[in-house]
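**Student:** Here it is, the structure in full.
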Amino acid sequence: MAVVVVSLWLCATGCVFAQSEHNHSAAGSDSPSWTWSWDARAFVGWNYQRRKFRDFQEIESQNWLMAAGERTAAKGRLRFEGMISLEPFTIQPLGSPEVFQTGETYQQAPLIDYQHPHELFMALGGSYDRPVRSIRTFLEVDAVGSPALGPAPFMHRPSAAENPTAPLSHHMLDSTHITPGVVTAGAERGSLTMAGSWFRGLEPDENRKDIDFGRLDSWSLQGKWRRNGWEVQASGAHLKTPEWVEPFNDVTRLTASVSFTRSDGHIATLVAWGQNREVHGILDGFLLEATLRPSSRHAWYTRAELVTKDILGAGGRHPRGFTHFHPLSRVGAFTGGYVFDAFTSRAGIFGFGGDATIYKVGANLLDSYGAPASFHVFLRYLPKRAPAHSMH
C-alpha cells in the first residue's frame, strides 16, 4: 500500500511541477509578482529491526512535499508556506519500527521502539520580513510550524538528507518542528539572528490527519550565527505539559549545535546536544551526523548518537500529584549508509540506498534487548533543482 500511494504521489507532483517549468518565467527576488518554489523527498523501502525476543519489519515510506510563494509587500517580503506528508497513510498508525526510539503515544500508551508517523499537515503559515536600517526584522505566524528551538529538523538538514530515519535524540532536539500554533518574531543583523517564539507545548495527538489547535502556553528563545557555510545555534524553551502521559509536568529543553555545509553540497556535518529536564530526571542526547558526496551520483552518510532514554519506567497517563521512580538508560547508536542515484527523469532523481545500525546497550536494558541491530533498503526520490517561477 505504501509503495502504491507514494508512487502515484511522486508521479503526480513530479510531472505537474515539471510541466510548470514551461508555463511561467523566472522572477527576481525583488519582483512584485508571486514567486513560487517547491521541494520534496520520499523514501520507500524495507525496514528491519532485530532485537532480543523479537524481530520486526515493515515496508513503509517516509515522505514530504513543500510549496511556498512570496512577493514584495509594503517595503518588505511576504511569504506563505505549506508542507504535507503522506506518512499517516504510508506508515502504520503504531509508527515506523526503530529500536530504542521513544516519544508520543499510540492508543494512549507511550511509544517505545517506534517512531511515530508525521502529521498530514507538517507546516502551514506565513511570514513577513522588513529591513529597518541595518537590521532585518521578521514575524511568522503558523497554524503548524517550527518555533525558534533546536537545529533544523532532521529531514531538512543537509547532514541527514539521505537518511530516512529520525535520530534517537529527535525528542531532545527538533521534535517541535510540527507544532500546531506558533508565533515567532526576531531580528537579524549580519551573521547574527535572535528570535523568540510563543507556541502550544502539547505534542500532536494520535490523529495524524488534523491540526490540534489549542492555547499558546510555551515559549522559546534562540540565538543563531551563520557565515561561509557554518551555522551555530543555541536555544532554550519552556514546554508546557508536552507529553500526553504527563499532563501536569512541564519540560525545560536546552539545545546547542554546530553545522557546516560546503557551498557545493558535497560535505555536510552537524554536531548537536539536546537536553530535556523532566520530572523524572535529566535526559540528554549527543548527536554527530554527516553526509559526503564524492561525486554527483554517490552519497555516503553516517550518524552517531549517545542518548539517555526513559524506557523501563514509561507507563500510562499519570494523575495529578503522582510520580514514581523512572530508571533511565544510556544508549549509543552508530549508522552507516549509502545512496546511489540510478536514473534521472523529468519527474526527478531516483536513487537506491541502504544502511545498517549497531547499538551500545545500557546495562539495565541488556536482558530485554540483547545485541540489537537495524537495517534499511530503500528507493529514494528527490526533485531536480529548478529555478523558482513567478505568476501575476
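The values are calculated or read from the model by the stated rules, or taken from the named source; none is laboratory data. None of these values were measured; they are calculated from a predicted model. Methodologically, a virtual Cβ is constructed for each residue, glycine included, from the backbone with ideal geometry; neighbour enumeration extends over all protein chains shown. With ligands, DNA and RNA removed, areas are computed over all heavy atoms of the protein, side chains included. Shrake-Rupley method; radii C 1.70, N 1.55, O 1.52, S 1.80 Å.
**Student:** For residues that are among the aliphatic types (A, V, I, L, M) and open to solvent by 20 Å² or more (accessible area, probe 1.4 Å), scanning just the stretch 284-322, find the one that is nearest to ILE349 (Cα to Cα).
**Tutor:** LEU292
**Student:** Now for a separate question. Can you confirm whether the stretch 250-265 contains a residue that is of a type in the set (Lys, Arg), under 20 Å from the mean Cα position of the chain (by Cα) and either under 19 Å from GLU203 (Cα atoms) or at pLDDT below 95 (or both)?
**Tutor:** So far as the stretch 250-265 goes, yes, one or more of its residues are of a type in the set (Lys, Arg), under 20 Å from the mean Cα position of the chain (by Cα) and either under 19 Å from GLU203 (Cα atoms) or at pLDDT below 95 (or both).
**Student:** So is ASP129 more than 22 Å from ALA290 (Cβ to Cβ) and open to solvent by 30 Å² or more (accessible area, probe 1.4 Å) or not?
**Tutor:** yes
**Student:** Here's another thing I want to ask about it. Which one of GLU70, GLU81, GLU104 is buried (at least 18 other Cβ atoms within 10 Å of the Cβ), outside any loop (DSSP other than H, G, I, E, B), of a type in the set (D, E, K, R) and at pLDDT below 95?
**Tutor:** From the options GLU70, GLU81, GLU104, the qualifying one is GLU104.
**Student:** Something else: Go through GLN233, GLN275 for me and flag whichever is open to solvent by less than 40 Å² (accessible area, probe 1.4 Å), out of contact with any helix residue (DSSP H, G or I) (no Cβ under 8 Å at 6 or more places or on another chain) and closer than 30 Å to THR335 by Cα.
**Tutor:** Testing whether each residue is open to solvent by less than 40 Å² (accessible area, probe 1.4 Å), out of contact with any helix residue (DSSP H, G or I) (no Cβ under 8 Å at 6 or more places or on another chain) and closer than 30 Å to THR335 by Cα leaves just GLN233.
**Student:** Continuing with this model, one more query. Taking PHE89 as meeting all but one of (1) open to solvent by less than 50 Å² (accessible area, probe 1.4 Å); (2) aromatic (Phe, Trp, Tyr); (3) more than 23 Å from GLY181 (Cα to Cα), write down the number of the exception.
**Tutor:** So the condition that PHE89 fails would be (1).
**Student:** Identify, please: which residue in the stretch 306-348 is among the polar types (S, T, N, Q) and under 29 Å from ALA272 (Cβ atoms) and is, among those, nearest to the chain's Cα centre (by Cα)?
**Tutor:** THR335
**Student:** Those residues that are loosely packed, with under 15 Cβ neighbours inside 10 Å and at pLDDT 95 or above, I need them from the stretch 48-67; list them, please.
**Tutor:** Result: GLN57, ILE59.
**Student:** Please enumerate the residues belonging to the stretch 160-183 that are open to solvent by 20 Å² or more (accessible area, probe 1.4 Å) and touching an Asp or Glu at 6+ places or on another chain (Cβ under 7 Å).
**Tutor:** If the condition is that a residue be open to solvent by 20 Å² or more (accessible area, probe 1.4 Å) and touching an Asp or Glu at 6+ places or on another chain (Cβ under 7 Å), then THR165 is the only one that fits.
**Student:** Sticking with this structure for a sec: Scan the stretch 347-365 for residues that are open to solvent by less than 40 Å² (accessible area, probe 1.4 Å) and not in a strand (DSSP E or B) and jot them down.
**Tutor:** Of everything in the stretch 347-365, those that are open to solvent by less than 40 Å² (accessible area, probe 1.4 Å) and not in a strand (DSSP E or B) turn out to be ALA347, VAL361, GLY362, LEU365.
**Student:** Take TYR381 and decide whether it is touching a residue at least 24 places away in the same chain (Cβ under 8 Å), open to solvent by 20 Å² or more (accessible area, probe 1.4 Å) and among the aromatic types (Phe, Trp, Tyr).
**Tutor:** no
**Student:** I would also like to ask the following. Is it true that ARG157 is under 18 Å from VAL258 (Cα atoms) and either in contact (Cβ under 8 Å) with a residue 24 or more places away in the chain or surrounded by 24 or more Cβ atoms within 10 Å (Cβ to Cβ) (or both)?
**Tutor:** It is true that ARG157 is under 18 Å from VAL258 (Cα atoms) and either in contact (Cβ under 8 Å) with a residue 24 or more places away in the chain or surrounded by 24 or more Cβ atoms within 10 Å (Cβ to Cβ) (or both).
**Student:** Test ALA152 against the stated conditions and say whether it is in a strand (DSSP E or B) and of a type in the set (A, V, I, L, M).
**Tutor:** Considered against the rule, which asks whether it is in a strand (DSSP E or B) and of a type in the set (A, V, I, L, M), ALA152 comes out as no.
**Student:** I'd like to know if the stretch 258-267 contains one or more residues that are surrounded by 17 or more Cβ atoms within 10 Å (Cβ to Cβ) and of a type in the set (Lys, Arg).
**Tutor:** Within the stretch 258-267, none of the residues are surrounded by 17 or more Cβ atoms within 10 Å (Cβ to Cβ) and of a type in the set (Lys, Arg).
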